[in-house]
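Take a look at the structure below.
The values are calculated or read from the model by the stated rules, or taken from the named source; none is laboratory data. The model shown is predicted, which means the values in this text are computed figures rather than measured ones. Methodologically, a virtual Cβ is constructed for each residue, glycine included, from the backbone with ideal geometry; neighbour enumeration extends over all protein chains shown.
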Amino acid sequence: MSDSDLIAEIMAEEIDPADILHMVSEIARLRDDGEEPNWYSQIGILADRFPRGSQKPVVIMERMQALIPMLKDKRAKVWSFEGIEPGCTITHEAIFRAVALAPLHCTNGRKLKFQREEFFKVVLEQTDCIGPVA
């Protein structure tokens, strides 16, 4: 399988927001238990969730990598803030739902990323509103 075929598969794979939320909640649980989760912890969580040979762990990890630049965007501050522990950011569920639902793009033939406007539009769509929306 060529790199471009693999990228096309990753971009086409649908991810359930519940799968992203599961991974994030398991990482939070590990932190609460005094562990320091890392990339390997994430892979382990996903490997336990999906059958052997599933592409979903790879797709989810790529989507989580694409999230990193989005969290640096000033708009992300509406849905996240620094926690008490150093390096721990508290992030609203709508961001993680958008990680699962927003389209991925590949601009240079190798790196997958979200387009900012699309991503934050999905975040807004996934945010519960109270009261009338204009």
| request: Would you be able to tell me the number of residues in region 47-78 that are modelled with pLDDT under 90 and closer than 20 Å to GLU26 by Cα? | output: 0
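Step by step: first the residues of region 80-117, then only those that are assigned to a loop (DSSP other than H, G, I, E, B) and under 14 Å from the mean Cα position of the chain (by Cα), then the one that is farthest from SER2 (Cα to Cα). Which residue is that? Even if it seems obvious, please write down each step before you answer.
Step one: of region 80-117, the residues assigned to a loop (DSSP other than H, G, I, E, B) are 83-88, 92, 102-103, 107-111, 115.
Next, from what is left, pick out any that are under 14 Å from the mean Cα position of the chain (by Cα): 92, 102-103, 115.
Details: HIS92: 36, ALA102: 24, PRO103: 21, GLN115: 24 Å.
Once the filter is applied, the top-ranked residue is HIS92.
If you take the residues in region 106-120 that are free of Cβ contacts under 8 Å to residues at least 12 places away in the same chain and farther than 11 Å from GLU62 by Cα, which one is surrounded by the fewest Cβ atoms within 10 Å (Cβ to Cβ)?
Per the criteria, the residue is ASN108.
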| remark: Scanning region 47-95 residue by residue, those free of Cβ contacts under 8 Å to residues at least 12 places away in the same chain and hydroxyl-bearing (Ser, Thr, Tyr) turn out to be SER54
| message | Tell me the residue from SER25, SER4 that is touching a residue at least 40 places away in the same chain (Cβ under 8 Å) and among the small types (Gly, Ala, Ser), please. | response | SER4
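Answer with yes or no whether ARG97 is out of contact with any strand residue (DSSP E or B) (no Cβ under 6 Å at 6 or more places or on another chain) and at pLDDT 95 or above.
When the stated conditions are applied, ARG97 passes them.
Given the condition under 17 Å from ASP73 (Cα atoms), of a type outside the set (D, E, K, R) and part of a strand (DSSP E or B), answer yes or no: does some residue in region 118-130 qualify? Quick ask: steps written out before the conclusion?
First, pick out the residues of region 118-130 that are under 17 Å from ASP73 (Cα atoms): 118-124.
Within this subset, residues satisfying the condition of being of a type outside the set (D, E, K, R) are 119-120, 122-124.
Within this subset, residues satisfying the condition of being part of a strand (DSSP E or B) are none.
No, region 118-130 contains no residue that is under 17 Å from ASP73 (Cα atoms), of a type outside the set (D, E, K, R) and part of a strand (DSSP E or B).
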